[in-house]
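Read the structure below first, then the notes.
We did not get these values from a lab; they are worked out from the coordinates using the rules stated. What you see is a predicted model; the values in this text were computed from it and never measured. Using ideal geometry, Cβ is built from the backbone for each residue, glycine included, and neighbour counts are taken over all protein chains shown.
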Amino acid sequence: MSALDLPLIWAGLIALAVLMYVLLDGFDLGIGILFPFSRSAADRDVMMNTVAPVWDGNETWLILGGGGLLAAFPTAYAVLMPALYLPVLLMLVALILRGVAFEFRFRARRRGRAFWTVMFWLGSTFAAFGQGLILGGFIQGVRVSADGTRFAGGPFDWLSPYTLLVACGLVAGYALLGATWLMMKTERDLHGDARRWTWGAGALVGLLLLAVSVATLFVHPTIAERWGVKPGGIDFGQLAVLSPIPLLGLAGMIVVALGVRSGSHRLPFAGALMLFLSGYLGLGVGFAPYTVPYALSYRETAAPDNALALMLVGTVVALPLILGYTAWVYWVFRGKVTEEAGYHH
Amino acid sequence: MDFDALLLSRIQFAFTIAFHILFPAFTIGLASYLAVLEGLWLFTRREVFKTLFLYWVKIFAISFGMGVVSGVVMSYQFGTNWSEFSRLAMPVIGPLLGYEVLTAFFLEASFLGIMLFGWRKVGPGLHFLATCLVAIGTAVSGFWILSANSWMQTPAGFAVGADGRMIATDYLQVIFNPSFPARFAHMMTAAYLTTALAVAGASAFQRLRGTAGDASRTALRMAVLLIAVAAPLQLAFGHWSGEVVKHHQPAKLAAIEAWWETRADQPFVIFAVPDRELQANRHEVAIPKVGSMVQLAEPGEVIPGLDRYARADQPPVAPVFFSFRIMVGLGLLMIGLGFWGAFVWWRGRIDRSRWFQRAAVLMSPAGFAAVLTGWFVAEIGRQPWVVYGVLRTADAVSPVPAGHVAFSLLAYMVVYAVVFTAGALFILRLVREGPQGAEPPPTEQRPPGWTLAAAPRDVPGDPE
C-alpha cells in the first residue's frame, strides 16, 4: 500500500462522491424547487413519482461525501463544520422536511397534503440554498487557528454577497437539472411545462454562472492566479490550459438549447449534466489542493494511512457494486411516468 | 449550571439521537419481519402473508423515511458540534462509519425503491431479494454503528499520538472491541423485540376493535412467538452486557446500582434517590449482599463503588440508576407477556382472551421505552468521557458560540415535533384501519404516488 498516495486517492474519491451527489440529488431537489410552477396536484404527483423510487439512494451520496470527509480528512471536517454551522443546519432541517414529505404527502388528507406540498417545495429550495452557502463559504476560504486544528473565524464568516450569489446559482442550477429530468420522464402537458421551465432556468443559470465565475476570480488571489489572472495582466497560456472547462460549460448550454429546440427529450438533461460538470471542475481547480481553503491541504488534514488503506479496500469492492445496483435501479424505473399508469408498465 | 455550548450540544445530541434511535430500532425488526412475510407468501402462497406484507410495508415506509432523515443529521453533528471528537477519534472509528455507508446505507436506500415501488417492474423473486437486501442492510448498519459506539465505551486497538490524535494499531481489535459482541446482540434483540411488541399491540388492538381479519390473527401469533423467545434471551444478553460493564466500566456499574462505597457484599438497591453532593443515597431501600450475588461475585470479592472515583470522573448517578430500573422492569414485563401469550395460544384462547389483548396493546410502546432507557444507561453511564478513559466530553466540543447551538437545538425541536407528530399520526391511522382497513386493495387504476402503486395484481393464483 505504501506505493499508493492514499490521501490523494481519497481526495479524488470524495470529489467523486460529491459530484455524484450534486448530479443525482440535484435533479430531485430541482423538482421540489419547480413545484410552485406546476399547474395541478396531479402534475405534482407525477413530478414526485419520477424521483420517488430513487431519491433516497441519491441522498446517500451526501452521506458518503460527508462521512467520507469525516473518515478520510477528519481535521478538515472538524474545521469546516463549525465554520459552516448555520448553513449546514439549514441544509439538514430542509432535507428532513422534504425527505419525509415524500411519504407524508401521499398519506395526508386535504390540509395536511397542502402543508407537505409546501414543505417539499421549501425543503428542496432551502436544502439547495444551504448547499450553495456551504459551497460559497468553502470557496471563499476558512480561517484556521495557528496550530491548524480548529476553526478560528467568526460565526457569520460564511455570509457574504458571494455566498448568496453562489446559493442562488445552485438553486437555479438544480432547477435546470430538475426541469430537464422532467422533460425526459414526462409526457404531454407536463412535458411542455418542463420544456418552458428548462428555458427559464437555463437562461437564469447562464447569467448566474457567468456572475459566479467572474466573482470567484475576485474572491481569493489563489483562484485568480490559478486562472492566469495576475497583478501584471492575464497569463493567456495558463488560461488556455484550463479553457476546456469553461468550453465544456458553453457546450453544455448549447446542448441544452439545441436539445430543447429540436424537441429531444434526453439531450437537455445531458447538456445540464455537462454544465454542472463544468461548474464543478471550474470551482475545483480554484481551490485544489486545499481541503480547508486556503489554509490546509488534503495532505495536512488526512487520516493516517492505515485508516485510509482500510477504507480503500472496502471502497474498491463496494463502490463498483453500488454503482452497478444504482444503475440497475434506474434501469428498472426507466421510461416515462404518467398520471394514469403510475408505475404499472 | 451554565447553558454553554457544551451543555447545549449535549442536550442537542441526546435529543436528536433519542429521536433517531426509535426508527432504526423499529425498522431493523420490521425489515426482517417483512422479509419473512414475503418469503412465507412466496413459499406458501397464502393470501394472509401478502396482506400482512402490504400492510406493514406502508408503516415501514413511513418509519424508514423518518429514520433516514434523522440519521443524516447525526453524521453531520459529529462535525458541527463535536469537531474535536471528530478530529481526535475519527482516525480510528472513521473507517467503521465509512463502511456503514458503503455496505449498508446504499444497499438499504437503493433497494428500498424496488421494495416500495418495484413490484410491477421486477418479478416476485427479485422483489423478495430486494426486501431481503433492505433487511440485511439494516442489520449491517447496526453492526457498524454498534461497533463504533462500543469502541467509545471500551476503546481498544489504538494508540494516542503526541498531538492527542488517536491512531489505530489493530483494526480487528477496534471493530471487535470488548463490549461490541454483547452490545450488538443486546441491541439487535432489542430491535426485534420492539418490532414484535408493536406488531402484537397493533394486531391485538385490531382484534379488540373487531376490525381484524385473518391477517391480524396470524400477525398476533407471529409476534407472540417472537416475544416468547426473544424476551428471555434478551435477559441473558443484558446480563452478558452487564458483565462486560463490570470488567471494563466499573464506574458505570456503580452508577447503575447506586453503589457509593467500595466493598464486598454490595447491596441490591431497589429504590433510592442518589445524591451527588452527599455522595450517598437518600431514602434507600436495599437488600444487603444481593447486589454482589446478582453480579455472580465470589464471596468476599470487593466491587468498586463511586468513592473509587474523583467527583469529576463520576457519571451522573440518578439518571443511570432510574433508567436501568425502568429498562429491566419493562424487560421483565415483556417476558411475562411472552409467556402469557404462549399460554393462551397453547390453550387456544389467544383470539378470545381480551385481557391478554389489552395487555399487548398496553405493552406496544414498551420496546421503544426500553431502547431509550437502555441507551440512557449506556451513554450517560459513560460520562464524563466521550471515549471512555481517553477523551472527555468537555474536550470534544466544537468551537461554536452557545447562541448558535441554542438556535439549532430549538430548530431541531420544532421540526422534529412536527415530523414526529405527523409520522405517528399516519402510523396510528394505519393501525386503526388494520390490514383489511379502509383503504381499497390495489387495483389496476391507482392514484399515482400511491406507495404501493406497484403492488401485485389481485388475481388469484397469478404469479406475475
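Summing Lys and Arg as +1 and Asp and Glu as -1 over all other residues whose Cβ lies under 9 Å from the Cβ of A:Ala127 gives a net charge of 0. Please state, to two decimals, what the Cα-based radius of gyration of segment A:35-79 comes to when divided by 2.2 N^0.38 Å (N = residues). Here the Cα radius of gyration is 1.82 times the empirical estimate. The residues neighbouring A:Ala17, those whose beta-carbon lies less than 15 Å from its own, together hold a net charge of -3 under the Lys/Arg +1, Asp/Glu -1 convention. Extension gain for B:Gln436 to B:Met413 (0.36 nm times residue separation, less C-alpha to C-alpha distance): 4.7 nm. Computing FRET efficiency as 1/(1 + (r/R0)^6) for A:Val316 and B:Asp395, where r is the C-beta to C-beta distance and R0 is 25 Å, gives about 0.10. Under 20 Å of direct C-alpha separation, and excluding same-chain neighbours fewer than eight residues apart, B:Lys289 reaches these aspartates and glutamates: B:Glu243, B:Glu257, B:Glu261, B:Asp265, B:Glu298, B:Glu301, B:Asp307. Subtracting the Cα-Cα distance of A:Leu242 and A:Asp5 from 0.36 nm times their residue separation leaves 82.9 nm of extension gain. Which chymotrypsin sites (Phe, Trp or Tyr not before Pro) in segment A:23-129 sit in a loop by DSSP (not H, G, I, E or B) and have at most 11 other Cβ atoms within 10 Å of their own Cβ? Listed in order of number, the matching sites amount to none. What spacing in nm lies between the two simple spin-label points modelled at A:Leu164 and A:Ser262, each 7 Å away from Cα in the Cβ direction? Spacing of the two 7 Å Cα→Cβ label points: 4.1 nm. Here the label points at B:Leu7 and A:Leu16, each 7 Å from Cα along the C-beta direction, are separated by 4.8 nm in the simple model. Only lysines eight or more places from B:Lys121 in sequence, or on another chain, were considered; those with a Cα closer than 22 Å are A:Lys185, A:Lys336, B:Lys50, B:Lys58. Say the dipole of the protein assembly as shown comes from +1 at the beta carbon of Lys and Arg and -1 at that of Asp and Glu; which of A:Leu90, B:Pro274, B:Ala370 then lies farthest toward its positive end? With unit charges placed on the Cβ atoms, the residue in question is B:Ala370. Can you check what the net charge comes to around B:Val199, using other residues whose Cβ is under 14 Å from the Cβ of B:Val199 (Lys, Arg +1; Asp, Glu -1)? Net charge in that neighbourhood comes out at +4. Length gained on full extension, B:Leu233 to B:Asp307: 23.2 nm, using 0.36 nm per residue less the C-alpha separation. A dipole drawn for the protein assembly as shown from +1 and -1 charges on Cβ atoms has a positive end, and of B:Leu208, B:Tyr412, B:Pro304 the residue lying farthest that way is B:Leu208.
Considering only DSSP states other than H, G, I, E and B, which trypsin sites (Lys or Arg not before Pro) in segment B:1-74 qualify as loop sites with at most 13 other Cβ atoms within 10 Å?
Those satisfying the criteria are B:Arg45, B:Arg46.
Within 10 Å of the Cβ of each residue in A:46-59, the mean number of Cβ atoms contributed by other protein chains is 5.
When the Cα positions of B:Leu30, B:Pro91, B:Ile350 are compared along the charge dipole of segment B:5-433, B:Ile350 comes out farthest toward the positive end, with charges on each C-beta of Lys, Arg, Asp and Glu.
Assuming charge only on the beta carbon of Lys and Arg (+1) and of Asp and Glu (-1), the dipole of chain A about its Cα centre is about 920 debye to the nearest 20.
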